[in-house]
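Derivation of every value follows stated rules applied to the coordinates shown; laboratory data play no part. These numbers come from a predicted model, not from an experiment. We place every Cβ from the backbone using ideal geometry, glycine too, and count neighbours over all the protein chains shown.
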Amino acid sequence: MKKVTFNERDMMLRVGFFVFVIALWHFSVTLLDISPLVFPAPWGVVVSLYQGIASGEFLFHTGVTLYETLMGFVIGAIVALVLGGLIGQIRLLEKIFYPYIVAFQAMPKVAVAPLFVAWFGFGVTSKIIITATIVFFPILANTIVGLRSAPREQIEMMAAFTASPWQKFLMVRFPHALPYIFAGLDVGIVLAIIGAIVGEFVGAQAGLGYLILQRNFSMDITGVFAILIVLSAIGIGLHTIMKFIAKRTVFWSETSEDLRQ
Amino acid sequence: MKNALSEGLDNTDSPCPAFCFQDVNKLYPSRDGLNVEALRNINFEVSRREFVTVVGPSGCGKSTLLKILAGITDATSGRVEINGVLQQGPSVEIGVVFQSPVLLPWRNILENVLVPAEIQKRDKKQSKDKAYELLNMVGLNGFETKYPKELSGGMQQRVGIARALINDPSILLMDEPFGALDAMTRESMNMELLRLKESIGATIMLVTHSIPEAIFLGDRVVVMSPRPGCVEEIMTIDLPEKRELSIINSEKFGAYDSHIRHALNSKVGLD
Ligand SMILES: Nc1ncnc2c1ncn2[C@@H]1O[C@H](COP(=O)(O)OP(=O)(O)OP(=O)(O)O)[C@@H](O)[C@H]1O
Ligand SMILES: [Mg+2]
């Protein structure tokens, strides 16, 4: 259970490698005399990042993107869990719904995004809906697989002790599915950020995606890099929180990591 | 403790057997159209508080027999009675110990033992006291809040036994409960099982691969032969009620042993 994630030597290697990458970046850019309009130097990015934070600009746009991301994630996850729960339990529903779900999943959401913006406007609503549709599928698929894959012997054990179908669901199928569901949620939370950014690219009035487009137009490549750093920080943060919750909830599962596809 | 564990068995004096099989057949349908005849013409009855053991080579339908009695699998034809009543699905009267422990990894040991009580919606406090008592009986006191993966295979199997007993079943079914254990642990588990039998006063049916184990534990031994699985012979074991391990070296024990081996070998080559 307890893994040695890093000891001192690992830590030194990591820091060393980080310094090496930054140095390589810095010297490549300065020695080759690359224009900041093409590829900015690390120091410029740090300055831009600081300015963005200090001026409150990042805080505002991050707030908008984070709101879209989380709302979309929560809505998509709830729909996926409810539908997954029903489909996982009732085979007939799978036969009826699943072809449409797969067809919908096969559609690239990026291609559908302009439609949502046309329907729901340039505000946050269209972004939330795009995010929800992207988040939906991995959570749905994992929920169904999790509910279906309860070991036969555990179900037989429950049956031998006269459990009702509902008791089998509550006491075995659902807890058994939890590691799968968390693996789906973990994929979903990262996809959610993509959903929000895609939505903002198509047409928005605020958000980090909107800000990227703006800065791109005004040739502020250094500023774009700064936003990318903010975005990946958000991604890492959300993923870490998700993993923390998963570890607490499905403490018995040693493989929840491996279940992620 | 004895009284607490035997409550609910007050009607044990009625004359009908604990359970019986009448002309039970079982066919497993198969994809290629060749059905597997797992059991043919099973006919026997077991009286209350009897300890029957079932031996037979792998694949002769021992587990199938037990699953039919437990109500997990339906017989293709024939009739099973439990306490004189036609069996229709799983019954509260029956506790099952499975070949592998089948514990739920997200529940601690105490919660695992309480699963059947929760299913029956029994009184929480009472069941909990009973679970502690049973865990104590199988030698696992102090492990209540541990999780299954923190226990050895033999300990998990004992949790399975405690779980099977939580609702005071009058019939205890065990499918090769010690199959995965080493010989030494197995022997001590067998001794514990005999003690247990004394204290719970249930009817027990135990499936095993091991002929000595079947003789050592059983009041009677049901010898099964394979393809199709049927009862080859039912032997009454006339050994003293109080059994010690040394009995295995007795002449009588050896005679039973070779008799069963012979009965099995006449049908198929057993290892
Ligand atoms: N669910 C099933 N579907 C199809 N055939 C089955 C099924 N379960 C058992 N069988 C078949 O029925 C026969 C008896 O199986 P069973 O599990 O009862 O044997 P067993 O005596 O318990 O064997 P073992 O000692 O190896 O556990 C076997 O030939 C097996 O192939
Ligand atoms: Mg078996």
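Within 10 Å, count the other beta carbons around each residue, average over each peptide in B:211-223, B:40-52, A:157-169, and list them highest first.
On the way: B:211-223: 22.3, B:40-52: 17.8, A:157-169: 19.4.
The most tightly packed comes first, giving B:211-223, A:157-169, B:40-52.
Would you calculate a helix-derived [θ] at 222 nm for chain B, using -39,500 (n - 2.57) for each DSSP H run of n ≥ 4 and dividing by the full residue count, to the nearest 500? Write out the running numbers ahead of the final one.
On the way: 9 runs with 91 residues, N = 271.
Calculated from helices alone, the mean residue ellipticity at 222 nm is -10000 deg cm²/dmol.
If R₀ is 41 angstrom, what is the calculated FRET efficiency for the pair A:L31 and A:Q205, using the beta carbon separation as r and rounding to 0.05? Could the numbers behind the result be given before it?
Details: r = 41 Å, r/R0 = 1.01.
After rounding, the FRET efficiency stands at 0.50.
Any idea what log10 I(q)/I(0) is at q = 0.07, 0.08, 0.11, 0.14 Å⁻¹ for chain B, Debye with uniform C-alpha scatterers and no solvent?
Per q value, in the given order, log10 I(q)/I(0) is -0.25, -0.32, -0.62, -1.02.
What is the spread of the Cα atoms of the protein assembly as shown along each of their three principal axes, largest first, in whole Å?
98, 54, 49
What shape does region B:89-177 take by its C-alpha gyration tensor, where a ≥ b ≥ c are the square roots of the eigenvalues and a/c under 1.5 counts as rounded, a/b above b/c as prolate, and the rest as oblate?
Details: a/c = 1.61, a/b = 1.14, b/c = 1.41.
Here region B:89-177 falls in the oblate category.
Once you have the alpha carbon radius of gyration of region A:41-259, what is it after dividing by 2.2 N^0.38 Å, with N set to its residue count?
On the way: Rg = 20.5 Å, N = 219, 2.2 N^0.38 = 17.1 Å.
Its radius of gyration relative to the 2.2 N^0.38 Å reference: 1.20.
How shielded is B:88-98 by partner chains, expressed as the average number of their Cβ atoms within 10 Å of its Cβ atoms? Intermediate values should be presented prior to the final figure.
Numbers: counts 0, 2, 7, 3, 2, 0, 3, 2, 5, 1, 5.
That works out to 3 on average.
If each residue of separation counts as 0.36 nm, what is the full-extension length gain between B:Q126 and B:N249 once their alpha-carbon separation is subtracted?
Working: separation 123, 0.36 × 123 = 44.28 nm, distance 4.39 nm.
Gain on extension, B:Q126 to B:N249, equals 39.9 nm.
Is there a simple number for the mean count of other chain Cβ atoms within 10 Å of the Cβ of residues in B:107-120, and what is it?
Values: counts 3, 1, 0, 0, 1, 0, 0, 0, 7, 6, 1, 5, 10, 3.
Mean inter-chain Cβ contacts per residue within 10 Å come to 3.
Applying a 10 Å radius around every beta-carbon, put B:67-75, B:234-242 in order of their mean neighbour count, most first. Could the numbers behind the result be given before it?
On the way: B:67-75: 20.8, B:234-242: 12.0.
Ranked by mean Cβ neighbours within 10 Å, highest first: B:67-75, B:234-242.
Taking 0.36 nm per residue of sequence separation and subtracting the Cα-Cα distance, how much length would be gained by fully extending the chain between A:M219 and A:V21, in nm to one decimal?
Values: separation 198, 0.36 × 198 = 71.28 nm, distance 2.50 nm.
Gain in length upon complete extension: 68.8 nm.
Filter the trypsin sites (Lys or Arg not before Pro) in region B:94-145 to those in DSSP coil with at most 12 other Cβ atoms within 10 Å of their Cβ, and list the result.
Values: sites: B:R107, B:K121, B:R122, B:K124, B:K125, B:K128, B:K130; in loops: B:R107, B:K121, B:R122.
Filter output for region B:94-145: B:K121.
Counting only C-alpha contacts under 8 Å and six or more residues apart, can you give the relative contact order of chain B as a whole percent? Could the numbers behind the result be given before it?
Values: 490 pairs, mean separation 68.3, N = 271.
Once normalised by length, the contact order is 25 percent.
Percent relative contact order of region A:99-184, based on C-alpha pairs within less than 8 angstrom and at least six residues apart?
Values: 52 pairs, mean separation 27.4, N = 86.
Relative contact order, region A:99-184: 32 percent.
Quick one: of B:K197/B:K242; A:K247/B:K149; A:K168/B:K121; B:K124/B:K197; A:K247/B:K146; B:K128/B:K242, which pairs are farther than 20 Å apart, Cα to Cα?
Values: B:K197/B:K242 11 Å; A:K247/B:K149 16 Å; A:K168/B:K121 14 Å; B:K124/B:K197 26 Å; A:K247/B:K146 18 Å; B:K128/B:K242 32 Å.
From B:K197/B:K242; A:K247/B:K149; A:K168/B:K121; B:K124/B:K197; A:K247/B:K146; B:K128/B:K242, over 20 Å: B:K124/B:K197; B:K128/B:K242.
Each label point is 7 Å from the Cα along the Cα-to-Cβ direction; what then is the distance between the points at B:V36 and B:D257, in nm?
Modelled inter-label distance: 3.1 nm.
Hey, what did chain A get for relative contact order, percent, Cα under 8 Å, at least 6 apart? Show your work: numbers first, answer last.
Numbers: 290 pairs, mean separation 67.6, N = 261.
With pairs under 8 Å counted, the relative contact order is 26 percent.
If the viscosity is 1.002 mPa s and the temperature 20 °C, what Stokes-Einstein diffusion coefficient in µm²/s follows for region B:151-237 when Rh is the Kirkwood radius over Cα pairs? Show your work: numbers first, answer last.
Details: Rh = 13.9 Å.
Result for D is 154 µm²/s.
Per the Debye formula with a single identical scatterer at each Cα and no solvent contribution, what log10 I(q)/I(0) holds for region A:96-190 at q = 0.16 Å⁻¹?
Log10 I(q)/I(0), no solvent term: -0.77.
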